[in-house]
Amino acid sequence: MKVLKFGGTSVGSADRMKAVADLINDGSPKIVVLSAMSGTTNQLVQIAETLYQNANQEANALIDALHDKYKQVVEALYLTDEKKKQALELISHHFDHIRSFTLDLFTIYEERAVLAQGELLSTALFQFFLEEQGIASVLLPALNFMKIDENEEPDTAYISKNLKLELEKYPDTNLFITQGYICRNAFGEVDNLKRGGSDYSASLIGAAADASEIQIWTDIDGMHNNDPRIVKDTFPIAELSFDEAAELAYFGAKILHPSSVQPAKQKNIPVRLLNTMQPQAQGTTISAQTGKGGIKAVAAKDGITAIKIKSGRMLLAYGFLRSVFEVFERYKTPIDMITTSEVAVSLTIDNPKFLSEITRELQEYGQVEVDQNQSIICVVGDFIAERSGSGLKIFEALKDIPLRMISYGGSKNNISLLINTTDKERSLIQLNEGIFERNNKNA
Ligand code: ADP
Ligand code: ASP
Ligand code: MG
């Protein structure tokens, strides 16, 4: 069994959906995970924002506009009037559900239900298309097996058990379609795996089904060595280890959801990043193999807050760091980077929700300084095998950029640097010129 995930652009129009049907129709067993059509989740977010503000007229206009877009998709996707009618009824049902939220109190629960509609729509429309084409498949509701616990972490035991129960209901089927992104939470409510979460769904489903391979089909030919939205002349990397890919995903390479490598790594299932627009391209294979050493790629993560705690007593007082970490633990706020000196410790967080509470409590241990609008630049590769001075190349490339923090040695795969977000684009471009030699390209 393979798991194939198709992202928003890959199912972004009637034509793209038809292309996906062609790609998956080879008779081999698979679970196909779909995102919402591109733009839909953003539009649902916007609808939710207007509903929070009780701007019902504006919300209705946005809902109608999105509904119209789906009517056009239906028109273009199906051949027969019968299927068109069935699909129009289905989308009306979903949009009436969204409209019903204009009539009542709008809270985070309703917001999550609204956000779930994108994946519910794309999968249902795709299943209808397969039916019309005579391709045998079953639509599995992700809400029946995908679950997060009270810490918003996937409940892998539940997912495995319930996915297997769902699959067992259809012993004669070898093509399953399901929704990415959406899940139930510990209270049984509709929830989601955060933006970009369909990758994570695919990886969790792959791990739960003991898949032989997880394919992430998107709009680019694999993981590039740098952010192609910012840097020209980036190139795809043929092979990455799980650890390298996990670092890149976590530190901002948008092609993968930050947590999506872990489940595949745990079950040692190779992940392939492939391009729906260019299905023959080699893409990237992520596996336990390390491949060749040296610097492989650079990524950047924005929205970082740096916190410095200055205390004369720090080095003498054992237990100081523990006390500091406990503050973050109490507010369930993960720390990304950390550096220490004799008199101070600096660390970074990407979730500022409890920043003021954290700052207040930390003041008990010393003087606290907070810098917002920071970015982590993460350079990934195999630095044990690398003996040609990666550090020198990195610092040379960034010689005119103020570095707020540097982290090296935490793992053999990562050198992280904290900079002002205003310096990010320049840093990524300069790193591209400084550290990727021509002969690395297409390696
Ligand atoms: P999907 O909708 O298929 O999930 P995403 O938009 O989430 O696609 O991810 C693919 C996009 O990620 C690419 O179009 C590209 O702009 C962006 N991206 C950012 N960093 C990288 C990188 N290092 N390699 C490849 N793509 C990247
Ligand atoms: N549709 C969701 C989003 O846009 C999930 C995904 O595409 O992976 O974030
Ligand atoms: Mg994505």
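So here's what we get for this one:
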quantity	calculated
Filter result (of a type in the set (G, A, S), buried (at least 18 other Cβ atoms within 10 Å of the Cβ) and either assigned to a helix (DSSP H, G or I) or at pLDDT below 95 (or both)) within the stretch 22-56	A48
Scan of the stretch 194-238 for residues that are within 7 Å of ligand 1 (Cβ to nearest atom), farther than 26 Å from I415 by Cβ and of a type in the set (D, E, K, R), ordered by number	D219
Residue within the stretch 284-295 that is open to solvent by less than 10 Å² (accessible area, probe 1.4 Å) and under 29 Å from S13 (Cα atoms) present	yes
Filter result for the condition that a residue is at positive phi and either out of contact with any His (no Cβ under 6 Å at 6 or more places or on another chain) or open to solvent by 30 Å² or more (accessible area, probe 1.4 Å) (or both), over E119, E152, E132	E152
Filter pass, V3 being open to solvent by less than 10 Å² (accessible area, probe 1.4 Å), out of contact with any Lys or Arg (no Cβ under 6 Å at 6 or more places or on another chain) and in a strand (DSSP E or B)	yes
Subset tally (residues that are more than 7 Å from ligand 1 (Cβ to nearest atom) and either part of a helix (DSSP H, G or I) or of a type in the set (K, R) (or both)) for the stretch 6-18	6
Residues of the stretch 221-232 that turn out to be within 17 Å of L428 (Cβ to Cβ) and within 16 Å of ligand 3 (Cβ to nearest atom), as a count	5
Options S260, S241: the member that is closer than 28 Å to T348 by Cβ, more than 14 Å from ligand 1 (Cβ to nearest atom), open to solvent by less than 20 Å² (accessible area, probe 1.4 Å) and not assigned by the TED database to the domain that holds F6	S241
Given (1) within 21 Å of D302 (Cα to Cα); (2) away from ligand 3 (no atom under 12 Å from the Cβ), index of the condition F235 fails	(1)
Subset of the stretch 20-58 (residues that are more than 16 Å from ligand 3 (Cβ to nearest atom) and touching a residue at least 60 places away in the same chain (Cβ under 8 Å))	A21, L23, I24, N25, G27, S28, P29, K30, I31, I47, A48, L51
Which listed residue, of K424, K393, is in contact with an Asp or Glu (Cβ under 8 Å, 6 or more places away or on another chain) and surrounded by 15 or more Cβ atoms within 10 Å (Cβ to Cβ)	K424
Any pair with Cβ under 7 angstrom, 6 or more apart, that starts in the stretch 212-238 at a residue that is among the small types (G, A, S) and ends at one that is part of a loop (DSSP other than H, G, I, E, B) and away from ligand 3 (no atom under 16 Å from the Cβ)	S212/M1; G222/I237; A238/Q282; A238/A443
Hits in the stretch 244-255 - residues which are within 16 Å of ligand 3 (Cβ to nearest atom) and either in the same structural domain as G206 (by the TED database) or open to solvent by less than 10 Å² (accessible area, probe 1.4 Å) (or both)	A245, L248, A249
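The values are calculated or read from the model by the stated rules, or taken from the named source; none is laboratory data. Given the structure is predicted, the values throughout are model-derived calculations rather than measurements. When we count neighbours, we look across all protein chains shown, and the Cβ atoms used for this are built from the backbone with ideal geometry, even at glycine. Just the protein is used for accessible areas: all its heavy atoms, side chains included, with ligands, DNA and RNA removed. Shrake-Rupley method; radii C 1.70, N 1.55, O 1.52, S 1.80 Å.
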